[in-house]
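Here the structure is laid out as structure tokens; the discussion comes afterwards.
Taken together, the values in this text are just the output of simple stated rules run on the coordinates, not laboratory data. This structure is a prediction, so every number in the text was calculated from the model and none was measured. We place every Cβ from the backbone using ideal geometry, glycine too, and count neighbours over all the protein chains shown.
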Amino acid sequence: MTDQCVFCRIARGEIPAKIVAESAACLAFRDLNPEAPVHVLVIPREHYASLNEVKSPQVLADVMQLAVEVARHEKIADRGYRVVLNINSDGGQTVFHLHAHVLGGRHMTWPPG
């Protein structure tokens with residue numbers, strides 16, 4: 001599955017993306033269809049189809065740590081931002097590689113949808 005996974009291919013540098021930040025474990029890049037002025041995806045470099053496959057809390061710690069770095073880099077950390085994980089089809093996941101959406105640059109409403 002990882003050979004055809006679009007996010008795995010981005011992580012390997014096979015598909016270009018606008019990289020915002022990276023670490024040894026994760027990569028952050030701009031969403032192609034932004035839902036907010038700042039919309040960055042944070043992915044683990046290792047393939048997990050969804051949150052349900054993650055066995056180590058370190059994976060989530062790495063994703064969340066890079067999400068905070070993205071918020072600081074994009075200058076939305078102090079005003080506020082949202083980090084969203086969509087899990088499987090009913091949760092709104094459309095690319096089956098674990099990823100967090102970092103959204104900000106405008107007031108976020110609730111409920112999200």
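Points worth noting:
- Residue-span extension gain [VAL84 to HIS107] - 0.36 nm each, minus C-alpha spacing: 6.8 nm
- For the chain, the Cys residues with no second cysteine's beta carbon closer than 4.7 Å are CYS26.
- Whole-Hz ³J(HN,Hα) from phi, Karplus 6.51 cos²θ - 1.76 cosθ + 1.60, for the stretch 63-76, glycine and proline x: 5, 5, 4, 5, 4, 5, 4, 4, 4, 5, 4, 7, 6, 10
- Derived scalar couplings between HN and Hα for the stretch 3-17 equal 5, 9, 5, 4, 6, 5, 5, 5, 4, 7, x, 7, 10, x, 8 Hz in order, rounded to whole Hz, by the Karplus curve 6.51 cos²θ - 1.76 cosθ + 1.60 (θ = phi - 60°), x for Gly and Pro.
- Relative frequency of Cα-Cα separations exceeding 18 Å in the stretch 6-104, percent: 41
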